[in-house]
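The values are calculated or read from the model by the stated rules, or taken from the named source; none is laboratory data. Since this is a predicted model, take the numbers as computed values, not measurements. Positions of Cβ are backbone-derived with ideal geometry, glycine not excepted, and every protein chain shown enters the neighbour counts. Accessible surface is based on the protein model in full, side chains and every heavy atom, while ligands, DNA and RNA are left aside. Shrake-Rupley method; radii C 1.70, N 1.55, O 1.52, S 1.80 Å.
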Amino acid sequence: MSKELPDKYDPSAIEEKWYQYWMDLNLFHSEPDEREPYTIVIPPPNVTGVLHMGHMLNNTIQDVLIRRARMLGKNACWVPGTDHASIATEAKVVDKLLKEGIRKDSLTRDQFLSHAWEWTEKHGGIILEQLKKLGASCDWQRTAFTMDEVRSAAVIRTFVDLYNKGYVYRGVRMVNWDPAAKTALSDEEVIYREEQSKLYYVRYQVEGEKDQYVTVATTRPETILGDTAVCVNPGDERYRHLAGKRVLVPLVNRSVPIILDDYVEMDFGTGCLKITPAHDTNDYEIGLRHNLEVIDTFNDDGTLSEKAQLLIGVDRFEARLKIIPLLEEAGNLVRIEDYNNKVGYSERTHVPIEPKLSAQWFIRMGELVKPAMEAVESDTIRFYPSKFKNLYRHWLENIKDWCISRQLWWGHRIPVYYLGDGSFVVAETPEKALELARTKTGNPGLGMDEIRQDEDVLDTWASSWLWPISVFEKEDPSDLRDLDYYYPTSDLVTAPDIIFFWVARMVIAGYEYKKTFPFRNVYYTGMVRDKLRRKMSKSLGNSPDPLDLIAKYGADGVRVGMLLCSPAGNDILFDESLTDQGRGFQTKVWNAFRLIHGWEIDRILPQPEHSRLGLEWFRAKLDAAILLMDDHFDKYRLNDALLTIYATIRDEFSGWLLEIIKPAYQQPIDGKSYDEVIALFDTLLRLLHPFMPFVTEEIWQRIEERGAATSIMVSAWPKAATTNESLCEAFELVKEVVAGIRSIRKEKDIANKEPISLFILPGEKGYEPRFDRVLARLCNVSDISVCAEEVKGAASFMVKATAYFVPFEGNLDVAEETAKINQELAYYKGFLASVLSKLGNEKFVSSAPAKVVEVERKKLADAEEKIKILEDRLQSLQG
């Protein structure tokens, strides 16, 4: 064992040292071999991103799983990478260019992309470097990017394949339009927020009838300029007389029909609905049914277009304010009411989306989703916690065709090539497109300058849905060695808020292209919130910088702090005191090592009986902990697995075993006990390693001589030798006895260095004579005697049905002892009443399992015995 040992553990120096050591030994890297693979693919963070608390939690969990898999002897491969994040990255680059006085529209596509790649190369690796500070043991040699050559080729190849299979099509549809990013969004990229709005009542004059009007209620008066009908329910008697008539649209005096449709709710507003097919999804559907004109009154940036006729070029929200006095002046505004409604916002730019008719590319999802539904319903893919199956099922059952085109420049450009007549071909490369175009036109002389590629790019998720497949593909698509070995992957760790965006789509892609699931298990983390249950965010100022936390508490301390409060699927109420608790536990482990390290060893000394007994008990306790941890890991209860090893080290090892075996002051320890405790400590460190990789490596390397290229990281995960529940249960009784004796010492002011005698009046349970030497060692008991009756004038306590007596000098305070016994009596009588109530319930006795009923009857017998002993003791004191 290394003798030079710092008094305090310094994470800053140690963490950097060991991470570089692991990197130098290439311990994170995996290649296919004969071992069972264990694979995780990282949810690729945005290339624009920096480490936040959600990343910390997610990647800590992944690292725990991957480190344990290595120790289990599996060929563990954790693939890192980043996502090109079309909307977010383009917005960042546009903003950067604006600050430099450059507008996007002043650049060619290639010029803009050169700026985007420059920005990506500068910022793209930041978050991955930050993950190294956390201890993430990713296979960095396999780092992927969703727009690198291999991944890009896979995305384009998939688009072409789906088009050739008839799944991809182009159509004019009502889409979610982001006026800030000037692109279409999928339904899943729209976040709805409850808002306090206004409901505007506006009247429309019936054409040809001077004093007759119909009144509509709308939250968006600025869209009136695009109205092409007013709709009423055919069953509404109030408006039956208006069927077939027309009204004039306020301000523009456009004559539009009054139509009848069951969609209108008669009890909402006035029962009359203005129809604006260009700017409302439901209106669009009504417009299709009634063959209505579509008038798009908005530009792509959310300003009013020339078709609006009024307020041209004015932003939509400013137009809403300006149109009200115009309506009022024209005599069309009836009243305004407060109204709460839900407004859809862009997930990326956080501006209200605009329903907009647009020609876009879509994927037909109806057939593709069927295997993905069955995989989760049948538990071929397991969700932890399983409650998220309902959310997954709901989305797939209500799935719509996926809008996959985006009006951006940064991303995978859609591989569609248009000919001069408006027809098109779909191909992986311009060269292949030209060949197809020549064949299609019958013109072998067609030139490259006579075909034009689609300007749009694909939705970012149209690349990341292939992630578990594409990260194992090679430049040569026929090289399937890695893909066949590592796919399907083992576990996915992700947040439930992207169950639609990513999880479901990866399952769909997996079954379409590999005919099997992409992962066996999905572990859903919760949302990291503050103590007030608010989502952590920069705007609220409640999100600490993860790197600051690591600098302050050490990576191990932060990892433990995050996991202590993170059961799968439940929100994490983060408090910095948890990371402080993690740091405190790190110190506890280090101090246990320092204590052992400081012992002098005498290999001639025989092993004391108390040490032999203590070590025997702890081996049994450790075996039980290993079995429990394995069970927790099997059920993805990672925080419970951590709590198990946490308690085993803090309470059982440091609090009990080391107290039992430590030598007397300035005395040596025997060699046998020392070797055994080192072996047990080694096991504890290996069990702790996935959670706290740095401190465990530091201590493991020090507790005995290691080879030049060894690491705890690739040592074997401990296996339980056997189970000895009776031994563990017996020692729990010893703990109660020790607590009782220590309580008496405190109450009677008996110094620990002063030896005491202990008398025991055995009952059916509560005394384990085999541990007498341990009791003597821990409590400084000079002699232990079994007695047939209570000891007069002694302080006493009970463990189960056994009474313990500690004589002491001076008179016993009878009143004090009587009060203590009466307190115990009250407790056991209350306990007895609750057991009797349960056993008196015929339904419980007849329906509960026989073992459960038997346990209750045993509780009854134990309580009655304790009450009798306490009452006898009380009578003796009063006699």
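Brief remarks on what is shown
- Scanning the stretch 501-519 for residues that are outside any loop (DSSP other than H, G, I, E, B) and either modelled with pLDDT under 90 or surrounded by fewer than 16 Cβ atoms within 10 Å (Cβ to Cβ) (or both) returns a single hit, 501.
- Filter pass, residue 776 being at pLDDT 90 or above, surrounded by 21 or more Cβ atoms within 10 Å (Cβ to Cβ) and either touching a helix residue (DSSP H, G or I) at 6+ places or on another chain (Cβ under 6 Å) or closer than 16 Å to residue 743 by Cα (or both): no
- Those residues of the stretch 174-189 which are among the hydrophobic types (A, V, I, L, M, F, W, C) and not in a strand (DSSP E or B), in sequence order: 180, 181
- Condition check for residue 354: charged (D, E, K, R), out of contact with any Leu (no Cβ under 8 Å at 6 or more places or on another chain) and open to solvent by 30 Å² or more (accessible area, probe 1.4 Å): no
- Residues of the stretch 242-276 satisfying the condition of being in a loop (DSSP other than H, G, I, E, B) and touching an Asp or Glu at 6+ places or on another chain (Cβ under 6 Å): 249, 266, 271, 276
- Verdict on residue 32 being over 23 Å from residue 641 (Cα atoms), at pLDDT 95 or above and touching a helix residue (DSSP H, G or I) at 6+ places or on another chain (Cβ under 9 Å): yes
- Screening residue 435 against (1) surrounded by fewer than 23 Cβ atoms within 10 Å (Cβ to Cβ); (2) touching a helix residue (DSSP H, G or I) at 6+ places or on another chain (Cβ under 9 Å); (3) part of a helix (DSSP H, G or I) leaves a single unmet condition, (2).
- Subset tally (residues that are of a type in the set (A, V, I, L, M, F, W, C), over 34 Å from the mean Cα position of the chain (by Cα) and open to solvent by less than 50 Å² (accessible area, probe 1.4 Å)) for the stretch 578-625: 7
- Within the stretch 520-566, the residues that satisfy the criterion of being of a type outside the set (Ser, Thr, Tyr), assigned to a loop (DSSP other than H, G, I, E, B), open to solvent by less than 50 Å² (accessible area, probe 1.4 Å) and out of contact with any strand residue (DSSP E or B) (no Cβ under 9 Å at 6 or more places or on another chain) are 544, 554.
- Residue in the stretch 799-818 that is among the β-branched types (Val, Ile, Thr), open to solvent by 40 Å² or more (accessible area, probe 1.4 Å) and without any contact (Cβ under 8 Å) to a residue 40 or more places away in the chain present: no
- Selection within the stretch 669-681 - more than 42 Å from the chain's Cα centre (by Cα), open to solvent by less than 60 Å² (accessible area, probe 1.4 Å) and more than 17 Å from residue 594 (Cβ to Cβ): 670, 671, 673
- Whenever a residue of the stretch 843-856 is touching a residue at least 60 places away in the same chain (Cβ under 8 Å), it has no partner that is open to solvent by less than 60 Å² (accessible area, probe 1.4 Å) and outside any helix (DSSP H, G or I) lying with C-beta atoms less than 7 angstrom away and at least six residues away or across chains.
- If the condition is being surrounded by fewer than 21 Cβ atoms within 10 Å (Cβ to Cβ), among the aliphatic types (A, V, I, L, M) and either at positive phi or in contact (Cβ under 8 Å) with a residue 24 or more places away in the chain (or both), then the stretch 627-642 contributes only 627.
- Output for the stretch 185-213, where each listed residue is farther than 20 Å from residue 398 by Cα and either crowded, with 21+ Cβ neighbours inside 10 Å or within 42 Å of the chain's Cα centre (by Cα) (or both): 193, 194, 195, 196, 197, 198, 199, 200, 202, 204
- Of all residues in the stretch 125-158, those that are open to solvent by 10 Å² or more (accessible area, probe 1.4 Å) and not in a strand (DSSP E or B) total 21.
- Residue pairs meeting the criteria (Cβ under 6 Å; at least 6 apart or on separate chains; first within 10 Å of residue 673 (Cα to Cα) and assigned to a helix (DSSP H, G or I), in the stretch 600-626; second at pLDDT 95 or above and of a type in the set (Gly, Ala, Ser)): 611/673
- Test: residue in the stretch 193-204 that is part of a loop (DSSP other than H, G, I, E, B), in contact with a strand residue (DSSP E or B) (Cβ under 7 Å, 6 or more places away or on another chain), at pLDDT 95 or above and of a type in the set (Val, Ile, Thr): no
- Some residue of the stretch 459-479 being under 23 Å from residue 48 (Cα atoms), part of a strand (DSSP E or B) and out of contact with any Cys (no Cβ under 7 Å at 6 or more places or on another chain): no
- Residue 252 vs. criteria buried (at least 17 other Cβ atoms within 10 Å of the Cβ) and either hydrophobic (A, V, I, L, M, F, W, C) or closer than 13 Å to residue 206 by Cβ (or both): no
- Looking at 721, 709, 716, 739, just one residue is out of contact with any strand residue (DSSP E or B) (no Cβ under 8 Å at 6 or more places or on another chain), surrounded by fewer than 16 Cβ atoms within 10 Å (Cβ to Cβ) and farther than 22 Å from residue 69 by Cα, and that residue is 739.
- Screening residue 239 on (1) open to solvent by 10 Å² or more (accessible area, probe 1.4 Å); (2) under 48 Å from the mean Cα position of the chain (by Cα) shows it passes everything except condition (2).
- Hits in the stretch 480-500 - residues which are aliphatic (A, V, I, L, M), farther than 29 Å from residue 52 by Cα and part of a helix (DSSP H, G or I): 483
- Tabulated pairs, the stretch 708-734, first more than 11 Å from residue 627 (Cβ to Cβ) and free of Cβ contacts under 8 Å to residues at least 60 places away in the same chain, second of a type in the set (Asp, Glu) and assigned to a helix (DSSP H, G or I), C-beta under 8 angstrom, 6+ apart or interchain: 712/697
Residue-by-condition table, conditions (1) at pLDDT below 80; (2) touching a helix residue (DSSP H, G or I) at 6+ places or on another chain (Cβ under 6 Å); (3) closer than 20 Å to residue 765 by Cβ:
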residue: 792; (1), (2), (3): no, no, no
residue: 810; (1), (2), (3): yes, no, no
residue: 826; (1), (2), (3): no, no, no
residue: 831; (1), (2), (3): no, yes, yes
residue: 840; (1), (2), (3): no, no, no
residue: 858; (1), (2), (3): yes, no, yes
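- Selection count, the stretch 5-25, where residues are buried (at least 18 other Cβ atoms within 10 Å of the Cβ) and within 15 Å of residue 586 (Cα to Cα): 4
- Scanning the stretch 68-124 for residues that are without any contact (Cβ under 8 Å) to a residue 40 or more places away in the chain and closer than 30 Å to residue 485 by Cβ yields one hit, 74.
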